[in-house]
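Below is one structure; the comments refer to it alone.
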Amino acid sequence: ADSRALYLSQQQRNLQINGQMNQLSQLEQNAIIMDSQALDAVSEADEIGARLKSEIHRVAITRRTEWNSSMKTVASCMKEACSERVAIWESTLEAFENLFRIPEQAPQPAQGNIAG
(Lines give C-alpha, C1' and ligand atoms only; values in the text may rest on other atoms or scores of the structure.)
Protein backbone atom coordinates (compact mmCIF):
# COMPACT_ATOMS: atom_id res chain seq x y z
CA ALA A 1 0.00 0.00 0.00
CA ASP A 2 2.83 2.38 0.83
CA SER A 3 4.65 1.64 -2.40
CA ARG A 4 1.47 2.28 -4.42
CA ALA A 5 0.89 5.59 -2.59
CA LEU A 6 4.50 6.60 -3.24
CA TYR A 7 4.19 5.68 -6.93
CA LEU A 8 0.94 7.67 -7.15
CA SER A 9 2.52 10.77 -5.61
CA GLN A 10 5.48 10.50 -8.00
CA GLN A 11 3.32 10.05 -11.09
CA GLN A 12 0.50 12.42 -10.18
CA ARG A 13 2.11 15.58 -11.57
CA ASN A 14 3.31 13.88 -14.77
CA LEU A 15 -0.10 12.37 -15.46
CA GLN A 16 -1.89 15.70 -14.83
CA ILE A 17 0.47 17.54 -17.18
CA ASN A 18 0.05 14.90 -19.90
CA GLY A 19 -3.73 14.87 -19.47
CA GLN A 20 -3.90 11.22 -18.53
CA MET A 21 -6.61 11.71 -15.95
CA ASN A 22 -8.02 8.26 -16.55
CA GLN A 23 -4.77 6.57 -15.53
CA LEU A 24 -4.42 8.99 -12.59
CA SER A 25 -7.92 8.08 -11.40
CA GLN A 26 -7.08 4.38 -11.68
CA LEU A 27 -3.91 4.88 -9.62
CA GLU A 28 -5.90 6.77 -6.98
CA GLN A 29 -8.47 3.95 -6.79
CA ASN A 30 -5.69 1.37 -6.47
CA ALA A 31 -4.13 3.39 -3.65
CA ILE A 32 -7.50 3.61 -1.84
CA ILE A 33 -8.09 -0.14 -2.23
CA MET A 34 -4.58 -0.93 -0.98
CA ASP A 35 -5.05 1.36 2.03
CA SER A 36 -8.32 -0.36 2.85
CA GLN A 37 -6.74 -3.80 2.54
CA ALA A 38 -3.80 -2.72 4.69
CA LEU A 39 -6.16 -1.45 7.41
CA ASP A 40 -8.10 -4.72 7.26
CA ALA A 41 -4.86 -6.68 7.60
CA VAL A 42 -3.77 -4.58 10.59
CA SER A 43 -7.18 -5.05 12.23
CA GLU A 44 -7.02 -8.81 11.64
CA ALA A 45 -3.46 -8.97 13.00
CA ASP A 46 -4.58 -7.08 16.14
CA GLU A 47 -7.46 -9.51 16.64
CA ILE A 48 -5.18 -12.53 16.16
CA GLY A 49 -2.65 -11.01 18.55
CA ALA A 50 -5.30 -10.48 21.24
CA ARG A 51 -6.60 -14.02 20.81
CA LEU A 52 -3.07 -15.44 20.94
CA LYS A 53 -2.29 -13.43 24.08
CA SER A 54 -5.42 -14.69 25.84
CA GLU A 55 -4.63 -18.30 24.85
CA ILE A 56 -1.07 -17.98 26.17
CA HIS A 57 -2.45 -16.58 29.43
CA ARG A 58 -4.98 -19.43 29.67
CA VAL A 59 -2.34 -22.09 29.01
CA ALA A 60 0.00 -20.49 31.56
CA ILE A 61 -2.70 -20.65 34.23
CA THR A 62 -3.50 -24.26 33.35
CA ARG A 63 0.16 -25.25 33.46
CA ARG A 64 0.69 -23.49 36.79
CA THR A 65 -2.35 -25.27 38.27
CA GLU A 66 -1.21 -28.64 36.93
CA TRP A 67 2.35 -28.01 38.19
CA ASN A 68 1.12 -27.23 41.71
CA SER A 69 -1.04 -30.35 41.70
CA SER A 70 1.88 -32.46 40.49
CA MET A 71 4.17 -31.04 43.16
CA LYS A 72 1.59 -31.89 45.85
CA THR A 73 1.43 -35.45 44.54
CA VAL A 74 5.23 -35.76 44.51
CA ALA A 75 5.47 -34.34 48.04
CA SER A 76 2.81 -36.77 49.28
CA CYS A 77 4.63 -39.73 47.70
CA MET A 78 7.95 -38.60 49.18
CA LYS A 79 6.36 -38.26 52.63
CA GLU A 80 4.93 -41.76 52.35
CA ALA A 81 8.30 -43.16 51.21
CA CYS A 82 10.07 -41.45 54.12
CA SER A 83 7.52 -42.81 56.58
CA GLU A 84 8.10 -46.31 55.20
CA ARG A 85 11.86 -45.92 55.56
CA VAL A 86 11.48 -44.68 59.15
CA ALA A 87 9.33 -47.71 59.94
CA ILE A 88 11.93 -50.04 58.37
CA TRP A 89 14.79 -48.46 60.32
CA GLU A 90 12.85 -48.48 63.58
CA SER A 91 11.96 -52.16 63.18
CA THR A 92 15.57 -52.94 62.25
CA LEU A 93 16.80 -51.10 65.34
CA GLU A 94 14.32 -52.96 67.53
CA ALA A 95 15.38 -56.31 66.03
CA PHE A 96 19.04 -55.39 66.55
CA GLU A 97 18.42 -54.41 70.18
CA ASN A 98 16.49 -57.63 70.81
CA LEU A 99 19.23 -59.72 69.22
CA PHE A 100 22.08 -58.14 71.13
CA ARG A 101 20.32 -57.32 74.37
CA ILE A 102 22.40 -57.96 77.46
CA PRO A 103 20.35 -59.88 79.97
CA GLU A 104 19.45 -57.70 82.84
CA GLN A 105 21.40 -58.61 85.92
CA ALA A 106 20.12 -58.46 89.42
CA PRO A 107 21.30 -55.31 91.12
CA GLN A 108 24.48 -55.82 93.10
CA PRO A 109 24.26 -54.99 96.75
CA ALA A 110 26.14 -51.91 97.62
CA GLN A 111 29.40 -52.78 99.29
CA GLY A 112 30.22 -50.77 102.27
CA ASN A 113 33.62 -49.64 103.25
CA ILE A 114 35.28 -52.01 105.55
CA ALA A 115 37.01 -50.01 108.11
CA GLY A 116 39.74 -51.79 109.75
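When 55, 47 are compared by accessible area at a 1.4 angstrom probe, the order from most to least is 47, 55. Each residue, residue 55 and residue 92, gets one label point 7 Å from its Cα in the Cβ direction; the gap between the two is 5.4 nm.
For the set 85, 64, solvent exposure ranked by accessible area (probe 1.4 Å, protein chains only) runs largest to smallest as 85, 64. Stokes-Einstein diffusion for segment 36-85 at 37 °C, viscosity 0.692 mPa s, with a Kirkwood radius from C-alpha pairs, works out to 233 µm²/s.
The values are calculated or read from the model by the stated rules, or taken from the named source; none is laboratory data. Only a predicted model underlies this, so the values are computations on that prediction, with no experimental measurement involved. Note: ideal-geometry Cβ built from the backbone for every residue, glycine included; neighbour counts use all protein chains shown. Quick note on the areas: whole protein, heavy atoms, side chains included, nothing else; ligands and nucleic acids left out. Shrake-Rupley method; radii C 1.70, N 1.55, O 1.52, S 1.80 Å.
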